[in-house]
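Only one structure is covered here, and it is reproduced in the block below.
The values are calculated or read from the model by the stated rules, or taken from the named source; none is laboratory data. Small disclaimer: the values here were computed from a predicted structure and weren't measured. Neighbour counts are summed over all protein chains in view; Cβ atoms, including those assigned to glycine, are modelled from backbone coordinates with ideal geometry. The protein model used for the area step is the full one, side chains on, heavy atoms only, and it has no ligands, DNA or RNA in it. Shrake-Rupley method; radii C 1.70, N 1.55, O 1.52, S 1.80 Å.
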Amino acid sequence: MRRRKRNTATIIDENFSKSQLIDSKLIDKASLWILRIILNLGGHREFIDKDNDFRNENIVAFLDLMKYGLMESEEYKRSEPIEIMKQQLASLEKQKKFTSSKILTKNIKQLSNLMSLNKYEAQILEFIILMKQYELLSEAVGFLGNELNSSQVKRALSVILDIPRKDIDTAFASSSKFSKSTLLTIDKTNLYSLDRKLDSISDVFLDNMLNLDEDISVMIKDSVKMCDASELVLKDYTHINKDIDILVPYLQHSIDNKQTGVNILLYGLPGTGKTELVKVLSKELSVKLFEVSYSNMDEESIDGPSRLKAYKSAQSILSNQKTILMYDEAEDIFESSFSFFGPPQRQKDKAWINRVLETNTIPTIWITNNIRSIDNALVRRFDMSIELPIPPKSKREEIIKNYSNNLLDANSIKQLAQNEDIAPALITSAVKVVSSISTKNTNEALTHILNNTLKAQGYDELKKDNNALPTIYNPDFINTTVNLNELACGIKETGSARLCLYGAPGTGKSAFGKYIADVLDKPVLLKKGSDLISMYIGGTEKNIANAFREAKNENAVLVFDEVDSFLADRTQAKQSWEVTQVNEMLVQMENFEGIFIATTNLMDNLDKASLRRFDLKLEFDFLKAEQSWNIFLSYCKDLKLPKPSASFKRAVESLRYLTPGDFAAVTRQNRFRPIRNIQDFVVRLEDEIAVKNVSSGKVMGFLSS
């Protein structure tokens, strides 16, 4: 007579209930599966040892075999519990309907609808979830041994679930929904027990399917998550209209025709709106947008290989949905690391990635901040590669205005738009803070918050734009022989021009260069003589070449102020470097296809050959009487001075040699030396003229010659 060692406390409890081991709704179904394992698959050889002892008391209790395991008498033979279990199995085999977990049933139905799983696939999924989640079932499949191959696993599933073997083979074929999605897979590399041979997309997914009563999108969050809608619209991307006009109909065609291998690459600097564009596209196409997850249910980051696995899962899980996929931060799989002794580590699976790009069933938009991280051989696999540049200033103004919730005035919006690093999300966050507090100066508060964020991101803080046009600027205030508005529009049409603007200091030459940039919605690159002239031999030439290169790269209007400093008449040169820097300047001008503006106060000193390189030479003269009065009225309004009387009109119009620069200088004085009244304003303008020594004939600039 022998007494068994009990390895659990379950049986000792006189109040034992089977629901302690498994959900009460699953008792009959679990009993059927366990009995098939023991009786139909030979599990009895592990369940009952050669001494007629049971090896698992949980299952003994669950199958109501406790008296055979606890009796000390040898009157019971090995065959008796077998016969009891056969009777139990026969009874269960006749049962037509089995209940299951309510939550699990609901979630499997959701997933089946999403993936179009057939009834056998749904049964397999249910069994594996329960086997992985309940110790009772994992102990039962352990009776089948620890060294099963794939064929044995499939046979076991066929018997346990009473599914034809051919349907088990189909469910796990390489082209099956399980395999493509990696939802369920069989490990073919090693011999393991049944529960270890069968793998799933993640343990979290299995747990959620059994316990989480949520929408199916939550269940698959480890793979993909549905994206929120964007507040932007397609017209916010007019700066890439040519790409949008091709991309939208192509994606529409791909979705309507379920085209495979559709992949779009978006690249560009952070903050240019790549992610928002994808959201806008999904809204435009009236399809759902899912993003390949970069974090799991615990909000822990997922590495590149795991994200690719998630991507592969999403392709199958969502294959029957009208949707597009977004793979943001694609650098984690495309970025290569250099090696002297072999191929880049991230690119060694290039062939596999190529197959992924060629066979995906859902149109996918890949996003990267670093196009150089992607091998050229991979880039050509994309149907379209689209760069999202920083939006032009006018578009940035429009976006900032839309996002600022009317908390910013027009001047503040213009100032913020000068900074290319301010993304819409930064404005939204700052507005959220400022809107919730009471402050007298919202502009200052917003700027302070934005500066803190820009600083934390490693960007320059907001500064006053020295290249911005004056608050009061009107080309009608410039005295030239050409209509400057028409000239700017003409340059906008052609996109190319070389201008030489000459005249006395302060007549508005540099400001007109900024005005052209404003009309063309381009940045302005202003270079003074001090920026370009170098004390080292060849340094000036290098700086000149770099300036033209920078203007080309930034698509900027290039303005050389005081160009006479390095474009002097070569016939008067005394040193060789004076000639070489002029030569370099002429070569760069000749080859530059953008907009170049040179300003000078000393027209007669310029190299005569250089003048032929300019499309237009335009003189800027002192203000006419009417212009002086109009600009005076504008500044009075800006300075909040009373409207001048007619007597002041005569005084202002009588001022000779007045320039827009004189008004700007007096206005700057006002910051630390406030203008008291209209008369004071006139006197200060007279003082500015007096400094020019025009009364004694000592006129600065080109008038002195």
Note on Ile472: of the conditions (1) open to solvent by less than 40 Å² (accessible area, probe 1.4 Å); (2) over 25 Å from Asn555 (Cβ atoms); (3) out of contact with any Lys or Arg (no Cβ under 9 Å at 6 or more places or on another chain); (4) of a type in the set (Val, Ile, Thr), unmet is (3)
From the option list Leu484, Leu446, single residue qualifying as at pLDDT 80 or above, closer than 24 Å to Leu525 by Cβ and open to solvent by less than 30 Å² (accessible area, probe 1.4 Å) is Leu484
Across the range 210-229, the tally of residues that are at pLDDT below 75 and in contact with a strand residue (DSSP E or B) (Cβ under 7 Å, 6 or more places away or on another chain) stands at 1
Across (1) within 21 Å of Gly529 (Cβ to Cβ); (2) over 51 Å from the mean Cα position of the chain (by Cα), Ser645 clears everything bar (1)
Flagged in the range 304-337 as modelled with pLDDT of 70 or more, open to solvent by 30 Å² or more (accessible area, probe 1.4 Å) and either under 19 Å from the mean Cα position of the chain (by Cα) or more than 15 Å from Ser223 (Cβ to Cβ) (or both), in numbering order, are Asn320, Lys322, Glu329, Glu331, Asp332
Would you confirm, using the coordinates I've provided, whether Val563 is in contact (Cβ under 8 Å) with a residue 60 or more places away in the chain and surrounded by 21 or more Cβ atoms within 10 Å (Cβ to Cβ)? yes
Does Lys242 satisfy being among the charged types (D, E, K, R), outside any strand (DSSP E or B) and without any contact (Cβ under 8 Å) to a residue 12 or more places away in the chain? yes
Scanning the range 251-271 for residues that are touching a Pro at 6+ places or on another chain (Cβ under 9 Å) and more than 30 Å from Asn419 (Cα to Cα), the one surrounded by the fewest Cβ atoms within 10 Å (Cβ to Cβ) turns out to be Gln259
Filtering the range 601-622 down to residues that are open to solvent by less than 20 Å² (accessible area, probe 1.4 Å) and either in a loop (DSSP other than H, G, I, E, B) or of a type in the set (Val, Ile, Thr) (or both) yields Asp607, Phe614
Within the range 272-288, the count of residues that are farther than 13 Å from Ile371 by Cβ, open to solvent by less than 40 Å² (accessible area, probe 1.4 Å) and not in a helix (DSSP H, G or I) comes to 2
Reported set for the range 81-102 where residues are open to solvent by less than 50 Å² (accessible area, probe 1.4 Å) and within 19 Å of Asp213 (Cα to Cα) is Ser100, Ser101
Restricting attention to the range 423-442, the residues that are at pLDDT 75 or above and either surrounded by 18 or more Cβ atoms within 10 Å (Cβ to Cβ) or among the β-branched types (Val, Ile, Thr) (or both) number exactly 10
Of the listed residues (Ala556, Ala517, Ala547), the one being within 32 Å of the chain's Cα centre (by Cα), surrounded by 15 or more Cβ atoms within 10 Å (Cβ to Cβ), aliphatic (A, V, I, L, M) and farther than 24 Å from Asn485 by Cβ is Ala547
By residue number, the members of the range 348-405 that are free of Cβ contacts under 8 Å to residues at least 12 places away in the same chain and open to solvent by less than 70 Å² (accessible area, probe 1.4 Å) are Ala351
- Task: Answer with yes or no whether Glu126 is at pLDDT below 95 and either in a helix (DSSP H, G or I) or open to solvent by less than 60 Å² (accessible area, probe 1.4 Å) (or both).
- Result: no
Please determine whether any residue of the range 223-242 is over 19 Å from Phe127 (Cα atoms) and more than 27 Å from the chain's Cα centre (by Cα).
no
